[in-house]
Every structure is written in C-alpha cells, then in structure tokens.
Amino acid sequence: AQFSEDTPMAAHRDPWTIASLALNIVLAMAMLFSLYASSESQGDLSMMPKTIQPATQATPFTTAVNFHRRFKFQPRRKPNPPRKWPMKVGDKVVVIAGSDKGKESEITKVYRKTGYVMCKEVNMKTKHQRGQEEGETGSIIQIEHPIHHSNLKVTERSVYQKPVKTEETA
C-alpha cells in the first residue's frame with residue numbers, strides 16, 4: 001500500500017523514525033529488567049521469572065587506592081639502556097646536562113642494566129658519616145654518584161679504539 005505525503009502513515013517510512021522507535025523499545029526493556037532486578041534484591045521474587053538471574057552488585061575498584069603505591073618503590077632510572085653502549089671505562093667525557101654541565105671527566109664504572117655511568121669528580125653528593133668508634137666525631141664527606149649516560153658526551157675514546165691501517169713505503 002502506498003501512502004500519500006499528507007497522511008499520518010507517511011511518517012513511518014522515514015528510517016530515522018523507525019530507528020528511534022526501536023531504541024525506545026530497547027530502553028523500555030532495559031528499564032523493566034532493572035526494576036525486576038531491584039525488586040528481587042529486596043526479596044520480592046513474585047515479579048521475576050525463576051530462570052533469569054539478576055545482575056550481581058559490582059564491587060568498587062580497589063586498584064584506585066593502590067594506584068600510586070605501584071610506582072613508589074620503582075627504581076629511579078630512565079628505561080631501556082642502549083644495547084650497544086656508546087661509552088666504556090676509561091673514556092674521556094664532557095657533561096652536557098645537569099648541574100655539572102661543561103665538566104670534563106673520565107669514566108670509572110659503567111652500570112649497563114640501569115644506563116648509569118660513574119665519572120671522576122662529577123655528580124658529587126655530600127654524605128654525613130657517623131663516627132665509627134665510641135667518642136669519635138662524625139664527618140661530612142663528598143662522594144661520587146652515577147650520572148645517566150644521556151647526559152654525557154664522549155670526547156676521547158680509550159684503549160678499545162680500532163687501529164688505523166697505514167701504508168708503509170719501502
């Protein structure tokens with residue numbers, strides 16, 4: 001049957017109208033189900049069919065409380081140290097970032113897992129040391145701390161440098 005444009009049945013041909021009617025039906029069914037579920041949780045089982053189980057109460061997230069605790073005891077280091085290290089023990093380096101910027105030094109120890117490097121007289125920290133024996137006074141000493149390899153630039157390679165081939169004339 002065809003409808004003319006002025007009849008009320010012409011509105012039912014519009015796909016948006018059909019979609020909105022279907023959405024209204026789905027929302028009404030969801031509302032009824034939630035009413036049935038709430039009435040069953042209060043003990044009134046007469047309205048709810050025996051085969052459908054109501055939704056269980058959702059427990060609040062406990063991870064929100066512990067979210068920042070996960071990061072509290074993580075090691076303070078930059079992740080992913082380089083696979084092929086740009087520097088080794090004995091190299092001469094210049095600090096390019098940090099409080100010791102511009103200092104020249106030599107590498108004394110390399111921590112490959114963490115990506116840190118120990119240099120002479122760079123990144124010095126003060127340590128308050130307690131007296132070892134009874135009656136001995138404590139002291140304040142300066143100790144070296146590691147610095148991240150990305151804050152250093154190699155100026156001179158050490159022993160491991162490849163030899164250069166030179167041609168000798170006879």
Along segment 21-27, what does the Karplus equation 6.51 cos²θ - 1.76 cosθ + 1.60 (θ = phi - 60°) give for ³J(HN,Hα), rounded to whole Hz, x for Gly and Pro? 5, 5, 5, 4, 5, 5, 5
Which residues qualify? For Leu152, with a placed amide H closer than 5 Å and at least 5 residues away or on another chain, they are Ile96
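Since every read-out is calculated from the coordinates, none of them should be taken as a lab result. As the structure is a prediction and not an experimental result, all values here were calculated from the model.
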